[in-house]
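This report refers to the structure that appears directly beneath it.
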Ligand SMILES: [Zn+2]
């Protein structure tokens, strides 16, 4: 073991890897649990100190990354090494060190106000606005005056259920959910809402604020996270409503299009892990989000509160297209069209191998990307029953093989 050979250079490479994969995938890939207390603080971001050290070991010439069980000394040892290299290590209470999955879960399950039996749109409007800003790389934190102006205008235009133009409601509530932060303010935001006290508090403090950093980072870097959150928000809040004008207003119109498909996979830069690693990590994260959605609504069933047919998961569709790498997934395909769409993407259709109405899942393990010919055969060809069996196996195998790349320990 040569932990003491590690310099700032390897630590910075490990932090860059963590930024790229996302905290959860990074921890899973290297076999670490989230740090309970000691977090490495660098350029305003927090990292799991021991996991960073283990990964950094892999950037030493001729060495490989170390898993948690492979080096002793525990967190204290890691902290001493990092401090010795001039890094700042902070103590964080465990409830602040939420994993990304927990944060996303809280986004979708966030508490809501109801008006006349319907969930109010304050919080989804606020979140979608912030998601659009993150996607465009706009600053995470914004002065209260600007937040207030932008949100009041959006609530006025899109609040379909008598929402007042009161940006303080959703911001205070999202803070309590851990999704939003007001970093300059210490202490609790008043819990009462719908009254003058909350309005006064915001008028007096005018708090600078924005999305919590892990949420902002995910919205910014992870297409499947954006789609999964959108799936969740549209399914929960916009039943029977047309969300298109709001999505256009916040700059997310393209997210909800059938064209929403992965762009060319990013090329690996020098000295970085192969692109498949981040793709597999993204696939795994996406599947987990889709499974959370299934768990909420019951696989193959629909939420009885919804009056309209639930939208199929755009996140699942996105993952299947990513997995296909632009090629028809039917092993017997005789050739897909050579042309591409206006968006320079392969002409592929995503098929649910088993009909959802007959108990199939809206999940990548039961979905395939097909060229229009194969899709037609699967829908109305005389060999469709046989093809269905083949495609089910293909979907399951391809799904599993990407998951294995993200988590070799699954074997
Ligand atoms: Zn085909």
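When you look at residue 377, is it within 11 Å of the ligand (Cβ to nearest atom) and either outside any strand (DSSP E or B) or on the phi > 0 side of the Ramachandran plot (or both), yes or no?
Yes; evaluated as a whole, the condition is true for this residue.
Sort through 157, 140, 166, 136 and tell me the only one that's touching a strand residue (DSSP E or B) at 6+ places or on another chain (Cβ under 8 Å) and either over 20 Å from residue 200 (Cα atoms) or surrounded by 13 or more Cβ atoms within 10 Å (Cβ to Cβ) (or both).
Working: 157 fails: touching a strand residue (DSSP E or B) at 6+ places or on another chain (Cβ under 8 Å); 166 fails: touching a strand residue (DSSP E or B) at 6+ places or on another chain (Cβ under 8 Å); 136 fails: touching a strand residue (DSSP E or B) at 6+ places or on another chain (Cβ under 8 Å).
Of the residues listed, the single one that is touching a strand residue (DSSP E or B) at 6+ places or on another chain (Cβ under 8 Å) and either over 20 Å from residue 200 (Cα atoms) or surrounded by 13 or more Cβ atoms within 10 Å (Cβ to Cβ) (or both) is 140.
Checking the conditions here, which among 279, 321, 289 is within 16 Å of the ligand (Cβ to nearest atom), within 13 Å of residue 223 (Cα to Cα) and either modelled with pLDDT of 70 or more or exposed (fewer than 13 other Cβ atoms within 10 Å of the Cβ) (or both)? Spell out the reasoning first.
Values: 279 fails: within 16 Å of the ligand (Cβ to nearest atom); 289 fails: within 16 Å of the ligand (Cβ to nearest atom).
Exactly one of 279, 321, 289 is within 16 Å of the ligand (Cβ to nearest atom), within 13 Å of residue 223 (Cα to Cα) and either modelled with pLDDT of 70 or more or exposed (fewer than 13 other Cβ atoms within 10 Å of the Cβ) (or both), namely 321.
Looking only at the stretch 342-364, filter to residues that are within 16 Å of the ligand (Cβ to nearest atom) and assigned to a loop (DSSP other than H, G, I, E, B); which one of those is nearest to residue 390 (Cα to Cα)?
First, pick out the residues of the stretch 342-364 that are within 16 Å of the ligand (Cβ to nearest atom): 345-351, 353.
From the residues that got through so far, the ones that are assigned to a loop (DSSP other than H, G, I, E, B) too are 345, 347-348, 353.
Values: 345: 26, 347: 21, 348: 18, 353: 10 Å.
This residue is 353.
Which of (1) modelled with pLDDT under 90; (2) within 16 Å of the ligand (Cβ to nearest atom); (3) part of a helix (DSSP H, G or I) is the odd one out, the single condition residue 326 does not satisfy?
(3)
Residue by residue, here is whether (1) closer than 21 Å to residue 220 by Cα; (2) free of Cβ contacts under 8 Å to residues at least 12 places away in the same chain; (3) in a strand (DSSP E or B) holds:
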residue	(1), (2), (3)
9	no, no, no
13	yes, no, no
19	yes, no, no
26	yes, no, no
40	no, no, yes
46	yes, no, yes
55	no, no, no
65	no, no, no
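Return yes when residue 80 is over 28 Å from residue 280 (Cα atoms), at pLDDT 80 or above and out of contact with any strand residue (DSSP E or B) (no Cβ under 8 Å at 6 or more places or on another chain) and no when it is not.
Numbers: over 28 Å from residue 280 (Cα atoms): yes; at pLDDT 80 or above: yes; out of contact with any strand residue (DSSP E or B) (no Cβ under 8 Å at 6 or more places or on another chain): yes.
Yes: the conditions hold for residue 80.
Can you tell me which residue in the stretch 354-365 is modelled with the highest pLDDT, limited to those that are out of contact with any strand residue (DSSP E or B) (no Cβ under 6 Å at 6 or more places or on another chain) and more than 20 Å from residue 232 (Cβ to Cβ)?
Going through the stretch 354-365, the residues out of contact with any strand residue (DSSP E or B) (no Cβ under 6 Å at 6 or more places or on another chain) turn out to be 354-359, 361-365.
Keeping just the survivors that are more than 20 Å from residue 232 (Cβ to Cβ) gives 354-355, 357-359.
Values: 354: 92, 355: 87, 357: 82, 358: 82, 359: 84.
Taking the candidates together, the pick is 354.
Can you name every residue in the stretch 380-411 that is under 15 Å from residue 324 (Cβ atoms) and within 16 Å of the ligand (Cβ to nearest atom)?
Matches in the stretch 380-411: 391, 394, 395, 398.
Is it the case that some residue within the stretch 101-118 is in contact with a strand residue (DSSP E or B) (Cβ under 7 Å, 6 or more places away or on another chain) and either farther than 21 Å from residue 293 by Cβ or at pLDDT 90 or above (or both)?
No, the stretch 101-118 has no match at all.
The values are calculated or read from the model by the stated rules, or taken from the named source; none is laboratory data. No experiment lies behind these values; they were computed from the predicted model shown. Reconstructed Cβ throughout: ideal geometry from the backbone, glycine too, with neighbour counts over all protein chains shown.
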